[in-house]
1. Would you point out the residue of the range 54-101, among those that are polar (S, T, N, Q) and assigned to a loop (DSSP other than H, G, I, E, B), that is nearest to L136 (Cα to Cα)?
2. Check off (1) within 24 Å of S167 (Cβ to Cβ); (2) surrounded by 21 or more Cβ atoms within 10 Å (Cβ to Cβ) for A71 and give me the number that stays unchecked.
3. Which residue out of A111, A118 is crowded, with 23+ Cβ neighbours inside 10 Å, of a type in the set (A, V, I, L, M) and within 16 Å of the ligand (Cβ to nearest atom)?
4. Looking only at the range 261-281, count how many residues are assigned to a helix (DSSP H, G or I) and surrounded by fewer than 16 Cβ atoms within 10 Å (Cβ to Cβ).
5. Would you pick out the residues in the range 74-87 that are touching a residue at least 60 places away in the same chain (Cβ under 8 Å) and open to solvent by 20 Å² or more (accessible area, probe 1.4 Å)?
6. Here are some residues: G65, G99, G90. Which one is crowded, with 16+ Cβ neighbours inside 10 Å, in contact (Cβ under 8 Å) with a residue 60 or more places away in the chain, touching a helix residue (DSSP H, G or I) at 6+ places or on another chain (Cβ under 6 Å) and within 22 Å of V349 (Cα to Cα)?
7. Using the structure shown, decide if A226 is more than 22 Å from L186 (Cα to Cα) and at pLDDT 95 or above.
8. Residue by residue through the range 254-313, note down the ones that are touching a residue at least 40 places away in the same chain (Cβ under 8 Å), within 16 Å of the ligand (Cβ to nearest atom) and in contact with a Ser or Thr (Cβ under 7 Å, 6 or more places away or on another chain).
Amino acid sequence: MQRRSFLQSALVGGALAALDTSASAAAANGKRPYKLLPCEEAFTIPEILEAARKHARNIPSWASGPIVGPALPLLMDLGEGRLRGMDAAGIDMQILSLGSPGVQNFDVPTAVSLGKLANDRLAAAIKAHPTRFAGLATFAPQDPAAAVKELERCANELKLTGALVNSHTNGEYLDDPKYWPILEALEALNLPLYIHPRDAAPGVAGAAVPGFTVGWGFAVETGTHALRLIGAGIFDRFPKLTIVLGHMGEGIPYFLERIDNRWDFENALFPTSAKLKRKPGEYFRNNFLITTSGMNVAAPLAAAIATVGIDRILFAVDYPFENQPKSVADFDAIALSVEDKRKICETNVRRTFRL
Ligand code: MN
């Protein structure tokens, strides 16, 4: 405990305010002076589970997504059981999204129709519990034109205020020009895009070292997606596009200075991709938000605050894959002022997803 505190102060110097003991005591009583609105909280529906099992021929793997196991009943509960768990953990509202890999493994007609069904079910759950749930739209990148239509329907009719993609689709990333209409629609509809991990694409498959598939491979896959968007000039073309990354930014904040420094170095040697208006880090600080999903830990949070600023960090649990009460308790135990905790857990989440 003392060592952790020492590391924290060593890492961020004066950037963190002293632990507010009154806030901690209030939190322990379940009465925080701010709301908890975690924003990477998964669900699924029976029809998608069935299609995923069929697609995977009932063989579970990281590519299949959860098709067996203890998470399934939790994923499929969009009602009382989920609400009881939230109450027990002190969660005010979950911002829900379809569990990874969403509909991105399916053939086009299946993906498009199941994506719509998932969005309809999500909207119904929000309508039934408008103070407890909000949600991010799913879509099938396999059919960009249908994806644009579905995003428009989700924003205008279902009133969803964000969208989520599970990184690559058939090994391709959204920097490919064929997906630009999706990015254009997200920007026009003011829908932030959460880029969530999934099994690594063939191009980065070596990062999925057995035993480190999630802890490292997912971050390489998803961080690579983010850097591809920056490197392709997506944020010069769509300057108001907002991207959300989980897991404390998938490693990027930690690397950001080196990313900028070596971008200049590399482009001086091999000037092939240096047509950006700004440095990569400027896009990261302006167009991206990061969340604490699976990473409610003081040291990486301190580094993230020092790198991207308190206003660009959002609280998340990663329910049901992380322990919800433990994640809340872990965040509570981090030494930050009430003002900063309110920003991360409530104000920034409300602003980002217009809640
Ligand atoms: Mn997740």
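1. Let us first name the residues in the range 54-101 that are polar (S, T, N, Q), namely 58, 61, 64, 94, 97, 100.
From what's left, assigned to a loop (DSSP other than H, G, I, E, B): 58, 61, 64, 100.
Working: N58: 28, S61: 25, S64: 21, S100: 13 Å.
Within the range 54-101, the match that is nearest to L136 (Cα to Cα) is S100.
2. (2)
3. So the residue among A111, A118 that is crowded, with 23+ Cβ neighbours inside 10 Å, of a type in the set (A, V, I, L, M) and within 16 Å of the ligand (Cβ to nearest atom) is A118.
4. Filtering the range 261-281 for residues assigned to a helix (DSSP H, G or I) gives 261-269, 280-281.
Still in the list and also surrounded by fewer than 16 Cβ atoms within 10 Å (Cβ to Cβ): 261-262, 264-269.
Total meeting the criteria: 8.
5. So the first thing to find is which residues in the range 74-87 are touching a residue at least 60 places away in the same chain (Cβ under 8 Å), and the list is 74-75, 85-86.
Listed by number, the residues that qualify are L74, G85.
6. Details: G65 fails: within 22 Å of V349 (Cα to Cα); G99 fails: in contact (Cβ under 8 Å) with a residue 60 or more places away in the chain.
So the residue among G65, G99, G90 that is crowded, with 16+ Cβ neighbours inside 10 Å, in contact (Cβ under 8 Å) with a residue 60 or more places away in the chain, touching a helix residue (DSSP H, G or I) at 6+ places or on another chain (Cβ under 6 Å) and within 22 Å of V349 (Cα to Cα) is G90.
7. On the way: more than 22 Å from L186 (Cα to Cα): no; at pLDDT 95 or above: yes.
Judged against the criteria, A226 is not a match.
8. L289
The values are calculated or read from the model by the stated rules, or taken from the named source; none is laboratory data. Note that the structure is predicted; figures quoted are calculated from it, not measured. Cβ coordinates were reconstructed from backbone atoms using ideal geometry, including for glycine residues, and neighbour counts include every protein chain displayed. With ligands, DNA and RNA removed, areas are computed over all heavy atoms of the protein, side chains included. Shrake-Rupley method; radii C 1.70, N 1.55, O 1.52, S 1.80 Å.
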